[in-house]
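Peer 1: Provided herewith is a single structure, encoded as structure tokens, for subsequent inquiry.
The values are calculated or read from the model by the stated rules, or taken from the named source; none is laboratory data. Fair warning: this is a prediction, and the values are worked out from it, not measured in the lab. As a convention, Cβ positions derive from the backbone with ideal geometry for all residues, glycine included, and neighbour counts pool all protein chains shown.
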Ligand code: DOR
């Protein structure tokens, strides 16, 4: 008997060396549906799912009563480094991400300098390593001058793909002529992401803005400006036979159009377009509600929820676009557009889950399976053996109030301050490392996200 116990002890110790972390007792959101099971993690990957003896693990987390989702991937954030670090940097932005349950981010190219060359991309990747708390990839900005280089740039390590601004927003990246857009689509092979607002219409209507009245932002950058650009983009993508990703889609007309172009187009919406409406949001928040594309009036929001229910929408992106409160306090239209969002994506959307506006399974589809499918992410996006152990652990019943002082972003504010929500991120696990647990920062270190279409060669 003693010998048998000693033998079992030796065996457990041997296995303990191979299972780094065991998470016990939670409800998992697996590809097959919800399952009450443990997850064993070894070398940053999911090693086993099932009923697992805690004696086999180096470290055990008891997650009874919680739900474990595949790690939430936010495919649109602006982290401002290099050049605009007074608003945010890669460390503070990613700290905000993991505090909110986000395990990977795709960061946008409108920094200073803009990410439009191999050097600028390598610089961002070098800055991110060892400083970011979550995994990361960076979009490369398209310009009139770098079209020839885009096929190489889109495949570089750490590149999420190509991004083009069809209408002016923060920064000076802009591709507003059809000829350059067609050239871009002709040369690239990966799916590229687009900010679709029609620059000519924005210019022609600039006088609609009323000084000191942020609500006029939504009148200026109207639904037609977004529709015209999305229509043009879909025409060009279809002609080129290329896939496009339409960022922060905000209008009813675009959703109807996009539903007829699912062969070429994937669709992103933001939590703020699903949650806030104009002009009420301006009355409550002033310039804090100012973003591009703008918040829409209440006639559009049901169409966004309808498109979400009908499967037209592929991913949720926060469009985390931090500006300081001092900058936001400038008189409209001098005030910059954009609001922080990477930390509030999970609680705001879980509150919608609890209110019955979408299922938890659809939330998972939009934040992990969706990003994986749209961008071809390698070994992330589902709870399955062999995949990266990226996990978002949530308490669906927790009731909290979102407050500015919870926000880890350097900007230090959120348009959702004061909002009572049900559903809260409890833990963030990045490739098996605890990045956040119950509001405390862990010691996870981010790595570049890898993509199936651009896997680095190993010698
Ligand atoms: O509101 C916005 N802010 N929309 C964008 O497209 C850019 C972003 C920013 O970088 O501030």
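Peer 1: Mind checking which residues of the stretch 98-138 are more than 12 Å from the chain's Cα centre (by Cα) and on the phi > 0 side of the Ramachandran plot?
Peer 2: Hit for the stretch 98-138 is 130, nothing else.
Peer 1: Does residue 229 fit the bill of being crowded, with 17+ Cβ neighbours inside 10 Å, closer than 20 Å to residue 203 by Cα and within 16 Å of the ligand (Cβ to nearest atom)?
Peer 2: Details: crowded, with 17+ Cβ neighbours inside 10 Å: yes; closer than 20 Å to residue 203 by Cα: yes; within 16 Å of the ligand (Cβ to nearest atom): yes.
When the stated conditions are applied, residue 229 passes them.
Peer 1: Something else about it: Mind counting the residues in the stretch 440-458 that are under 18 Å from residue 93 (Cα atoms) and surrounded by 12 or more Cβ atoms within 10 Å (Cβ to Cβ)? Break it down into steps so the answer makes sense when it comes.
Peer 2: Let us first name the residues in the stretch 440-458 that are under 18 Å from residue 93 (Cα atoms), namely 440-449.
Filter once more, keeping what is surrounded by 12 or more Cβ atoms within 10 Å (Cβ to Cβ): 441-442, 444-449.
Of the residues in the stretch 440-458, 8 are under 18 Å from residue 93 (Cα atoms) and surrounded by 12 or more Cβ atoms within 10 Å (Cβ to Cβ).
Peer 1: Taking the stretch 281-300 as the search range and keeping residues that are farther than 13 Å from residue 226 by Cα and touching a strand residue (DSSP E or B) at 6+ places or on another chain (Cβ under 9 Å), which one is farthest from the ligand (Cβ to nearest atom)? Before you say what the answer is, go through the steps one by one.
Peer 2: Step one: list which residues in the stretch 281-300 are farther than 13 Å from residue 226 by Cα, which gives 281-291, 297-299.
Now drop any that are not touching a strand residue (DSSP E or B) at 6+ places or on another chain (Cβ under 9 Å), which leaves 282, 285, 288-291, 297-298.
Details: 282: 14, 285: 14, 288: 11, 289: 11, 290: 7, 291: 4, 297: 18, 298: 20 Å.
If we take residues in the stretch 281-300 being farther than 13 Å from residue 226 by Cα and touching a strand residue (DSSP E or B) at 6+ places or on another chain (Cβ under 9 Å), then 298 is farthest from the ligand (Cβ to nearest atom).
Peer 1: Looking only at the stretch 318-331, count how many residues are part of a loop (DSSP other than H, G, I, E, B) and near the ligand (Cβ under 10 Å from one of its atoms). Steps first, please.
Peer 2: In the first step, residues of the stretch 318-331 are kept if they are part of a loop (DSSP other than H, G, I, E, B); the result is 318-319, 321-324, 329-331.
Add one more test, that the residue is near the ligand (Cβ under 10 Å from one of its atoms), and what stays is 319, 321-323.
The qualifying residues number 4.
Peer 1: Do any helices (runs of 4 or more DSSP H) entirely within the stretch 332-405 hold 2 or more residues that are under 25 Å from residue 418 (Cα atoms) and out of contact with any helix residue (DSSP H, G or I) (no Cβ under 8 Å at 6 or more places or on another chain), and if so, which? Break it down stepwise before answering.
Peer 2: On the way: elements: 345-354, 360-364, 370-375.
In the stretch 332-405, the matching helices (runs of 4 or more DSSP H) lie at 345-354.
Peer 1: Run residue 83 past the list (1) at positive phi; (2) outside any loop (DSSP other than H, G, I, E, B) and report the number of the one that doesn't hold.
Peer 2: (2)
Peer 1: Moving on. Looking only at the stretch 144-189, count every residue that is more than 16 Å from the ligand (Cβ to nearest atom), modelled with pLDDT of 95 or more and closer than 20 Å to residue 120 by Cα and tell me the total.
Peer 2: Summing the residues that are more than 16 Å from the ligand (Cβ to nearest atom), modelled with pLDDT of 95 or more and closer than 20 Å to residue 120 by Cα in the stretch 144-189 gives 17.
Peer 1: Same structure again: Can you tell me which residues in the stretch 286-300 are assigned to a helix (DSSP H, G or I) and crowded, with 19+ Cβ neighbours inside 10 Å?
Peer 2: 287, 288, 289, listed by residue number.
Peer 1: Quick one: what pairs do we get from the stretch 285-296, first residue on the phi > 0 side of the Ramachandran plot and at pLDDT 95 or above, second more than 8 Å from the ligand (Cβ to nearest atom) and not in a helix (DSSP H, G or I), C-beta under 7 Å, 6+ apart or different chains?
Peer 2: Once the first residue is on the phi > 0 side of the Ramachandran plot and at pLDDT 95 or above and sits in the stretch 285-296, its partners that are more than 8 Å from the ligand (Cβ to nearest atom) and not in a helix (DSSP H, G or I) give 286/214.
Peer 1: Go through 346, 315 for me and flag whichever is more than 30 Å from residue 189 (Cα to Cα), crowded, with 24+ Cβ neighbours inside 10 Å and more than 15 Å from the ligand (Cβ to nearest atom). Before the answer, list the steps.
Peer 2: Working: 315 fails: more than 30 Å from residue 189 (Cα to Cα).
Matching residue, one of 346, 315: 346.
Peer 1: So, one more: Give me the pairs: first residue in the stretch 378-399 and at positive phi, second residue assigned to a strand (DSSP E or B) and surrounded by 19 or more Cβ atoms within 10 Å (Cβ to Cβ), beta-carbon distance under 8 Å, and six or more apart or on different chains, which are they?
Peer 2: Filtered contacts from the stretch 378-399: 379/388; 381/70; 381/73; 386/46.
Peer 1: Please find, among 246, 277, the residue that is surrounded by fewer than 20 Cβ atoms within 10 Å (Cβ to Cβ), touching a strand residue (DSSP E or B) at 6+ places or on another chain (Cβ under 9 Å) and within 25 Å of residue 204 (Cα to Cα). Talk me through it step by step, then tell me what you get.
Peer 2: Details: 246 fails: surrounded by fewer than 20 Cβ atoms within 10 Å (Cβ to Cβ).
Only one candidate qualifies: 277.
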